[in-house]
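Engineer: Okay, here's the structure, questions in a sec.
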Amino acid sequence: MAGLRERKKEQTRQRIAAVALRLFTERGFDAVTVSEIAEAAEVAKATLFTYFPSKESLALEGVGQDDLAGIVARRPTGQSPLQALRAHYQAFMAGQMAAMDRDAVIARMRLIFGSPALSGAANTLLYQQRRTLASVLAEEHGATRAALMAAQIAATLLTLQESFFHLLVSGASPAKAVRALAEDTEFAFDLLEHGIEHVKGQ
């Protein structure tokens, strides 16, 4: 029974997010109210807020939500932070990325890039994600080195995401974009782990 309730909750969350994205795409982020989204999704406004705490969170679904700090903190003994993150993204691409909705991804990213308010909110989420990762890394490496490590990791992941988005916008199929992302991700983590001099000839 608990499993059925969780599935229904996830279906409701996905429906609200899909309706919000459609309305935002059709009319623009600023022109759509939360009440209109709730009505179109056939849920109460209070119900909507149990899934999404703000209007911005409806548009920023998935942005900055990877628990980088948690992945590093929960890694097995003997595994480095970079190895843990690499394994996470390898698994992610083999699963969720393979089943992604290309049109929805493009619509969401265009929405974010086209709205200064959303772009600012996205940057705030990414900054918080980086700070949280740095705080976990600081337990082993000290505050300054951890901040530098987290900054490099975060910049690398953001660049990978931007490259992936540009591939989709240019017309690449999801399968082709995911293959390119997988290759770029391996190169990126090699670069993080070994440095430019080691990988420049690859």
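The values are calculated or read from the model by the stated rules, or taken from the named source; none is laboratory data. Predicted, not measured: the structure shown is a model, and the values here were computed from it. Every residue, glycine as well, gets a Cβ built from its backbone with ideal geometry; the counts of neighbours run over all protein chains shown. Side chains are part of the model used for accessible areas, which takes the heavy atoms of the whole protein and leaves out ligands, DNA and RNA. Shrake-Rupley method; radii C 1.70, N 1.55, O 1.52, S 1.80 Å.
Engineer: So which residues in the stretch 48-83 are assigned to a helix (DSSP H, G or I) and open to solvent by 50 Å² or more (accessible area, probe 1.4 Å)? So that I can check it myself, show each step before the final result.
Structural biologist: Our first condition is that a residue be assigned to a helix (DSSP H, G or I); within the stretch 48-83, this holds for 48-51, 55-59, 68-73, 81-83.
Within the stretch 48-83, F49, T50, Y51, E56, A73, Q83 qualify.
Engineer: Then there is this: Quickly run through the stretch 80-108 and pick out the residues that are under 21 Å from H166 (Cα atoms), without any contact (Cβ under 8 Å) to a residue 60 or more places away in the chain and among the hydrophobic types (A, V, I, L, M, F, W, C).
Structural biologist: F92, A94, A99
Engineer: While we're here: Could you list all residues from the stretch 115-124 that are surrounded by fewer than 16 Cβ atoms within 10 Å (Cβ to Cβ) and within 13 Å of Q65 (Cα to Cα)? Spell out the reasoning first.
Structural biologist: Kept after step one, since they are surrounded by fewer than 16 Cβ atoms within 10 Å (Cβ to Cβ), are these residues of the stretch 115-124: 116-117, 119-120, 123-124.
Listed by number, the residues that qualify are N123, T124.
Engineer: I need every pair where a residue in the stretch 1-20 that is free of Cβ contacts under 8 Å to residues at least 24 places away in the same chain has its Cβ under 7 Å from the Cβ of a residue that is in a helix (DSSP H, G or I), sequence separation at least 6 or different chains.
Structural biologist: Going by the 7 Å Cβ cut-off, the qualifying pairs are V19/I37; V19/A40; V19/A41.
Engineer: In addition: Being under 17 Å from the mean Cα position of the chain (by Cα) and of a type outside the set (A, V, I, L, M, F, W, C) is the filter; apply it to the stretch 153-183 and report the residue that is modelled with the lowest pLDDT. Lay out the reasoning, then the answer.
Structural biologist: Within the stretch 153-183, the subset under 17 Å from the mean Cα position of the chain (by Cα) is 153-168, 174, 177-178, 181-182.
Retained after the next criterion (residues that are of a type outside the set (A, V, I, L, M, F, W, C)): 156, 159, 161-163, 166, 174.
Details: T156: 95, T159: 93, Q161: 88, E162: 88, S163: 91, H166: 88, P174: 83.
Here the answer is P174.
Engineer: What is the residue count in the stretch 137-155 for residues that are assigned to a helix (DSSP H, G or I) and surrounded by fewer than 19 Cβ atoms within 10 Å (Cβ to Cβ)?
Structural biologist: Total meeting the criteria: 12.
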